[in-house]
1. Taking chain A as the reference, fit the longest principal axis to its C-alpha atoms, fit the long axis of helix A:185-196 to the helix C-alpha atoms, and give the angle between the two in degrees, 0 to 90, nearest 10.
2. Can you name the chain B residue with its Cβ nearest the rotation axis from B to A, and give the distance in Å as a whole number?
3. For the protein assembly as shown, what D do you get in µm² per second when you plug the Kirkwood radius from alpha-carbon pairs into Stokes-Einstein at 4 °C and 1.567 mPa s?
4. What do the square roots of 5 times the Cα gyration tensor eigenvalues come to for region B:82-202, in whole Å, largest first, as semi-axes of the equivalent ellipsoid?
5. Using only DSSP helix segments of four residues or longer, with each worth -39500 (n - 2.57), what per-residue ellipticity at 222 nm results for chain A after dividing by its residue count and rounding to 500?
6. May I ask you to report, in nm to one decimal and beginning with the shortest, the distances from residue B:40 to the same position in the other copies, taking label points 7 Å along Cα-to-Cβ?
7. Hey, what did region B:63-161 get for relative contact order, percent, Cα under 8 Å, at least 6 apart?
8. Taking only the alpha-carbon atoms of region A:94-154, what semi-axes of the equivalent ellipsoid follow from 5 times the gyration tensor eigenvalues under a square root, in whole Å, largest first?
């Protein structure tokens, strides 16, 4: 069996975990460049100085690597979404998320590309996005209800407004990725919140 | 030179134009299945009963075919967007567009997939989407101004609300493609219009 050069030693435990995270971040970069279908394990391996065989030691398949990318996003989301007391985040905190997103275009690009690809036939990220949207709409409705009760100032229910908040976040990301100078994503999101409640969030 | 079977004769003029449109529609289907990067000219050719060589007679490259797909969408948009008197469409007409979209998931799938891919590196559809968004935001601001003047009932300007209308349309399409039973796209869009003006569009 050939013994390819390994610039970094492969170990398990904490070192192995750090290496896995490094690979997942490299995969996110490759997806942002070429999409998931266009991504190759060879390109990911090259970014982290591994052979393709060495990469398969950490992630046995391309789909395993995709799942790790999506799981990492979920972990970030949990960090953003749940305050220290375990309650869902407040509406004001959603502004913080959008502001943070405006400083992490690489991550937003990866997930916008995956979202687009996920509507194509038999895409492995499709179940993830379907479930994610259901969950996020539910969480957003809880956030809206905690702030305004069963009717928002407009007379709409939290369940009517929740998909709109999610749609605004996704839709603004595409416009902003295409025209970062022309689209102020946090300012647009705050304008949307003024539509929901001109008083509370002016 | 081999003479491959041609189930349909290739001709120019009206027949050639119909054939081009048939090819563009087949390309849209293949993009909805596999994305643009994943689409092959061979797959498009097969759908319309042409050899790949026969297809190149109509579209010399894959990128030419992409441009034809995007141009066809612009032509549909012009049909939707401009009323018979040449003015930009009214806000009420935007509801009609969203309702029509809810009955053409194949087309929405193609363009949602292309939108997602277009944020990846050096994608040939990137300039199209960047320009399209600028134009559509401008047209939407004109539509809002025609209905409400320089300030909407919320106090926001047409230029502040225009990117939100566009974002809602795009974002709802992704949620609806992933969960057509769980997301009522036209109802959600009408709910958004009630946020803009609870009186005029209730």
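Every number here is computed from the coordinates shown, using simple stated rules; none is lab data. Because the structure is predicted, anything quoted here is derived from the model rather than measured. Cβ sites come from the backbone with ideal geometry, for glycine too, and all protein chains shown count toward neighbours.
1. Helix A:185-196 sits at roughly 30 degrees to that axis.
2. Output: B:116, 0.
3. 56 µm²/s
4. 24, 19, 13
5. -23000 deg cm²/dmol
6. Computed spacing set for this position: 1.6 nm.
7. Details: 50 pairs, mean separation 24.2, N = 99.
Answer for region B:63-161 is 24 percent.
8. Working from the Cα gyration tensor, I get semi-axes of 27, 18, 8 Å.
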